[in-house]
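Have a look at the structure below before the remarks.
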Amino acid sequence: YTRVDQNTLTFTDNTFVEGTKYYYAVKAYDAAGNQSARTSIIGVIPDQAPSKPGPLTGPLVNGKPWPTWGPAPDNYAVAGSIVSRSTNGSAGTEQARTSELTWTDPSPIPGKKNTYNVRAYDAENNLGVRSNYVPVTVPAQ
């Protein structure tokens, strides 16, 4: 058991191994050390969101943005990456999901700075941290 103070209502176990089942229960205790009966035991298989992808670059290839990034290290199961785009430097909206480490934008906004970022997702659809943001100016047509 791990003891926490009387005002603590949550507990985070940072020592887990992803994909391994753990069992938890709670007991209350008073200042004299008297303990209550424990709660029901619950089993949990923890999972974590994938890590941040490797650095994102965004060259133009044949006039189209071609974001490219490194893999997101994850010890469980990265399913792919989500590519997002904005024209105002924000996180933007999802444009594609891919299992590749590159993607060509089929419909960039001409004459605008298209800003891209990627984030990995895993088999449980946990979303990782966004990559760096890369602005790519697409020539007006």
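The values are calculated or read from the model by the stated rules, or taken from the named source; none is laboratory data. Quantities reported herein were computed from a predicted structural model and do not represent experimental measurements. Don't worry about glycine lacking a Cβ; one is built from the backbone with ideal geometry, like all the others, and counts go over all protein chains shown. Just so you know, the surface numbers come from the protein's heavy atoms only, side chains and all, with ligands and any DNA or RNA stripped out. Shrake-Rupley method; radii C 1.70, N 1.55, O 1.52, S 1.80 Å.
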If you scan region 31-42, which residues turn out to be open to solvent by 70 Å² or more (accessible area, probe 1.4 Å) and outside any strand (DSSP E or B)? Ala31, Ala32, Asn34, Ala37, Arg38, Ser40, Ile41
Could you check region 6-25 and list, in sequence order, the residues that are open to solvent by less than 90 Å² (accessible area, probe 1.4 Å) and at pLDDT 80 or above? Thr8, Asp13, Thr20, Tyr22, Tyr24, Ala25
Between Asn14, Asn34, which is polar (S, T, N, Q) and within 21 Å of Gly128 (Cβ to Cβ)? Asn14
Here the residues within region 43-65 that are open to solvent by less than 90 Å² (accessible area, probe 1.4 Å) and over 25 Å from Asn14 (Cα atoms) are Leu56, Thr57, Gly58, Pro59, Leu60, Val61, Gly63, Lys64, Pro65
Just checking, does region 41-63 include any residue being touching a Pro at 6+ places or on another chain (Cβ under 6 Å), over 23 Å from Thr104 (Cβ atoms) and hydroxyl-bearing (Ser, Thr, Tyr)? yes
